1. I'd like to check something: does segment A:28-40 contain any residue that is touching a helix residue (DSSP H, G or I) at 6+ places or on another chain (Cβ under 8 Å) and surrounded by 13 or more Cβ atoms within 10 Å (Cβ to Cβ)?
2. Condition check: within 30 Å of B:Arg393 (Cβ to Cβ), at the interface with chain B (Cβ under 7 Å from one of its Cβ atoms) and at pLDDT 90 or above. Does A:Ile30 satisfy that?
3. Could you please give the count of residues in segment A:59-68 that are loosely packed, with under 12 Cβ neighbours inside 10 Å and within 8 Å of chain B (Cβ to nearest Cβ)?
4. Being outside any loop (DSSP other than H, G, I, E, B), charged (D, E, K, R) and at the interface with another protein chain (Cβ under 8 Å from one of its Cβ atoms) narrows it down to one of A:Glu48, A:Glu4, so name that one.
5. In segment B:353-375, is there at least one residue being more than 15 Å from B:Glu128 (Cβ to Cβ) and in contact (Cβ under 8 Å) with a residue 60 or more places away in the chain?
6. Just need a number here: residues in segment B:3-22 that are outside any helix (DSSP H, G or I) and of a type outside the set (Asp, Glu).
7. Just checking, does segment A:8-22 include any residue being of a type in the set (Lys, Arg) and in a loop (DSSP other than H, G, I, E, B)?
8. Of all residues being within 11 Å of chain A (Cβ to nearest Cβ) and more than 15 Å from A:Pro55 (Cβ to Cβ) in segment B:348-360, which is surrounded by the most Cβ atoms within 10 Å (Cβ to Cβ)? Just the residue, please.
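The values are calculated or read from the model by the stated rules, or taken from the named source; none is laboratory data. Just so it is clear, the model here is predicted, and its values are computed rather than measured. Neighbour counts are summed over all protein chains in view; Cβ atoms, including those assigned to glycine, are modelled from backbone coordinates with ideal geometry.
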Amino acid sequence: MAGELAVIVDSVKSVSEVAGADVPATSHPIPLSNVFREDVVGHVLTAEQALSGAPDADENRFKVPAILDEE
Amino acid sequence: MTQEIIRSTAAQLAEKLAAKELSAVEVTQAHLDRIAEVDGEVNAFLHVNTQEALAVAAEVDAARAQGEELHALAGVPIAVKDLIVTVGQPTTAASKILEGWHSPYDATVVKKLRAAKMPILGKTNLDEFAMGSSTEHSAYGPTRNPWDLDRIPGGSGGGSAAAVAAFEAPLALGTDTGGSIRQPASVTGSVGVKPTYGGVSRYGAIAMASSLDQIGPVSRTVLDSALLHEVIGGHDPYDSTSLQESWTGLAAAAASGDVKGLRIGIIKELHGEGYQTGVENRFNESLELLKAAGAEVVEVSCPNFQYALGAYYLIMPSEASSNLAKFDGVRFGLRALPEDGPMTIERVMGATRAAGFGDEVKRRIILGTYALSAGYYDAYYGSAQKVRTLIQRDFDAAFAQADVLISPTAPTTAFKLGEKLNDPLAMYLNDVATIPANMAGVPGISIPGGLADEDGLPVGIQFLAPARQDVRLYRAAGALEKLLEEKWGGPLLAQAPVLGGAK
């Protein structure tokens, strides 16, 4: 895969040479301003629903492998 | 009877259902029978939803018998791309990492289909996480093009396009990040629409690149796409990028078929060199028909489109690498354990992602994390966002001269399965004409433009309109469809080879 990735990275290089410092960046295609709504509880998943696809769960919680190595 | 049902458009089925000439159960069963007959060859479906579809159809028939008022498309069946989550059916995104996963909630578009009482036939195949242009990157085997089973149906939405082209469904939902609705439509002789960004809720579409992704209609006619667009469009508080617009008048525009005085801009950079001769010929033929019908055809130049593909292959992987971080082997989907050594979360995540993701997904995650990494961010992701601004400016200038723009949808007709699988760059080039619309958020449609002289395979014609002006797409495409079908003496798909031994 390393060879393929090098070719792809090379092909997108021209992008960094096109736009000058005066061009603003666009992160979102349609400009929108933020809106607020009343702080009320909407539709939320039950714990059972949220855990329905989990590979491992215990007492209504996701069961996660050890975070830290023993060493 | 079955043949007559499956070859009807959604609009025709809706009429016959309303007139009680057909029952919803008959219509749904005919499509399920067709799937059973041909999908072994086509492989458009990853899951067939027989029981639920027939139950919904029976509900529609009962409600109609009671004289209840129903949605115009009630009882008209539909297929859903397996990137869109559904309660009661598995959602896999065509990935091993989500094999057998069931969503605990419905996507907003699926809720809308349920509200309209449209039976859902099943979930359609795609490139894994919608990453690809051929549906060969599905973990569950490629979909085949109904025009030639040795060829690709396009991608990522090859399953949805092949399903409608093979008469397995009159309608389907797709998602389009760089052309995944329009390019499959182009190579299968069907119709596909990418609405204005934010015009259709993305809630429940498994995200690839959030600033580019858009759900849209897949069908065999422009009118059918318009009817479906009116069902799924509209504001959704669950999608923070959803627009306030309501989408009406699309079907009326599709049916009007009038382009007199419409200014159509040919994008200089999106045809000619690099485009197959047969594609170019059909494109020019469409232009002549539109001119003869009274459209005013002008040439526009979008010089920065040449950088769109490069910028897309920085922005899309960047967003994808971030969106796919959630597949961690903890909350849903696959968990694979490392073969030896300590069972830490980091090593479990690594083993899970190594086992669960296919090569193209891994390639894009690596590219994305690279483009976003410290020291490279400005040169890659930052520059690509600036190119996005330049592309939007090109569109603004072009739309000052023209009401809609036109180009071939894809540079070539369908290629052979396996032909470009080992050359990612050649694969990426398929989307060169569709990507600019996603970069700018503008709507686009692909409709059949005829068959290429050299291989007899479908060619797609793309129209693009300014943001929020989806109605113009339907007006222009509806008109061209009518002109072409008059010339052909019927729809293009009537010329497709017969599948499954049907008479």
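1. Within segment A:28-40, the subset touching a helix residue (DSSP H, G or I) at 6+ places or on another chain (Cβ under 8 Å) is A:29.
With the extra rule that they be surrounded by 13 or more Cβ atoms within 10 Å (Cβ to Cβ), the set shrinks to A:29.
Taking every residue of segment A:28-40 in turn, at least one turns out to be touching a helix residue (DSSP H, G or I) at 6+ places or on another chain (Cβ under 8 Å) and surrounded by 13 or more Cβ atoms within 10 Å (Cβ to Cβ).
2. On the way: within 30 Å of B:Arg393 (Cβ to Cβ): yes; at the interface with chain B (Cβ under 7 Å from one of its Cβ atoms): yes; at pLDDT 90 or above: yes.
In short, yes.
3. Qualifying residue count for the region: 2.
4. Details: A:Glu48 fails: at the interface with another protein chain (Cβ under 8 Å from one of its Cβ atoms).
When all the criteria are applied, what remains is A:Glu4.
5. No, segment B:353-375 contains no residue that is more than 15 Å from B:Glu128 (Cβ to Cβ) and in contact (Cβ under 8 Å) with a residue 60 or more places away in the chain.
6. The initial filter retains those residues of segment B:3-22 that are outside any helix (DSSP H, G or I), namely B:7-9, B:19-22.
Within this subset, residues satisfying the condition of being of a type outside the set (Asp, Glu) are B:7-9, B:19-20, B:22.
Adding up the residues that qualify gives 6.
7. Of segment A:8-22, the ones of a type in the set (Lys, Arg) are A:13.
So of that shortlist, the ones also in a loop (DSSP other than H, G, I, E, B) come out as A:13.
Checking segment A:8-22: at least one residue is of a type in the set (Lys, Arg) and in a loop (DSSP other than H, G, I, E, B).
8. The qualifying residue surrounded by the most Cβ atoms within 10 Å (Cβ to Cβ) is B:Glu360.
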